[in-house]
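Here the structure comes first, spelled out in structure tokens, and everything after it is commentary.
The values are calculated or read from the model by the stated rules, or taken from the named source; none is laboratory data. Since this is a predicted model, take the numbers as computed values, not measurements. Reconstructed Cβ throughout: ideal geometry from the backbone, glycine too, with neighbour counts over all protein chains shown. Keep in mind that these areas ignore ligands, DNA and RNA; they rest on the heavy atoms of the full protein, side chains included. Shrake-Rupley method; radii C 1.70, N 1.55, O 1.52, S 1.80 Å.
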Amino acid sequence: YISGQLIACDTFSQFGQHVMLGINEKLMYPAPSCAIKGSCFPSDRFNNAAIQDYAFSVLDALEFNCGAAHIEMILSRDGPCLVEVNPRLVGAKLPRLINAALGRSIHKDLIDLHLGKLVLQSLTDLKTRFAISRWVVASEAGYLRTIELPASNSIVYHQEMLKQLGEYVSPPYENADRIGYVITADEDRGRAEIAAE
């Protein structure tokens, strides 16, 4: 019921200090679907400093001082509106999206953080690529006969099928209706988006 762009901030916190890994810009399927069509990480389309300040103020208000957090918000005309705070890495297949963008394993970074190793400094000012995800969906209801995902190459970072041949599929109303996905990564956002589409 709030108009605006849905985004998420993925953060790491250690000893009360926070680092924002980036903004995950979410692309939705048209209403009445509530499924996510894909993402761009990190997004370059918003006032990152203001969004980071808001995200960090939320973490401070919750006294969240150690671990990963995934903070979803809607950028409304009145400013950011908090949707939810997850005290964990982002879900689904999106850690792979972040890995593709950062060129490193955030799973390893999170394990190191919880082992007490100082990791926040290594996560600041990272050179990133644009990582794009697109979910594969059915255009009509029926049974999945065949599908061909692109082979990995210099831009296609990863792809995966989530449904099996012969399974019932339908157009996306919720995220569970998605068939598979592809993740691309490139220094040029436009090239990565075209490859993902």
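Each other residue within a Cβ distance under 13 Å of Ser13 adds +1 if Lys or Arg and -1 if Asp or Glu, for a net charge of -3. Here the Gaussian network model covers the chain, with springs between Cα atoms less than 10 Å apart; of Asn99, Asn153, Asn24, Asn153 fluctuates the most. Taking all protein chains together and rolling a 1.4 Å probe, Glu84 ends up with roughly 80 Å² accessible. Counting Lys +1, Arg +1, Asp -1, Glu -1, what net charge surrounds Leu120 among other residues with beta carbon under 11 Å of its beta carbon? Overall, the nearby charge balance is -1.
When the chain is described by a simple charge dipole with +1 on each Lys and Arg Cβ and -1 on each Asp and Glu Cβ, the residue from Ala61, Val19, Ile2 located farthest towards its positive end is Val19.
Could you tell me what percent of the accessible area of the range 55-184 is made up of carbon and sulfur, with a 1.4 Å probe and every protein chain present? Reported share for carbon and sulfur atoms: 51 percent. Karplus-based coupling profile of the range 131-144, in residue order and whole Hz: 10, 10, 10, 9, 8, 8, 9, 7, 7, 8, 6, x, 10, 5, with θ = phi - 60° in 6.51 cos²θ - 1.76 cosθ + 1.60 and x standing for Gly or Pro. These residues, Tyr181, Tyr143, go from largest to smallest accessible area, 1.4 Å probe, as Tyr143, Tyr181. In order along the range 151-165, the Karplus-derived 3J(HN,Hα) couplings, from 6.51 cos²θ - 1.76 cosθ + 1.60 at θ = phi - 60°, round to 6, 5, 8, 5, 10, 7, 7, 6, 8, 7, 8, 10, 9, 9, 4 Hz, and Gly and Pro are given as x. For Lys37, the residues whose amide H sits under 5 Å from its own are Leu27, Met28, Tyr29, ignoring neighbours fewer than 5 places away on the same chain, with H placed 1.01 Å from N.
Straight-distance candidates among the lysines for linking to Lys163, with alpha-carbon spacing under 18 Å and chain neighbours fewer than 8 residues away dropped: Lys37, Lys93. For Lys117, the lysines whose Cα comes closer than 17 Å to its Cα, not counting residues fewer than 8 places off in the same chain, are Lys108. Ligands, DNA and RNA excluded, the heavy atoms of His107 present near 80 Å² of accessible surface to a 1.4 Å solvent probe. Here is how the number arises for the chain: DSSP H runs of 4 or more residues each give -39500 (n - 2.57), the sum is divided by the residue count, and the result at 222 nm is -6000 deg cm²/dmol. The residues of the range 1-145 present an accessible area of 52 Å² per residue when probed at 1.4 Å with all protein chains retained.
Potential lengthening of the chain between Val83 and Glu197 amounts to 38.3 nm, from the contour at 0.36 nm per residue minus the alpha-carbon distance.
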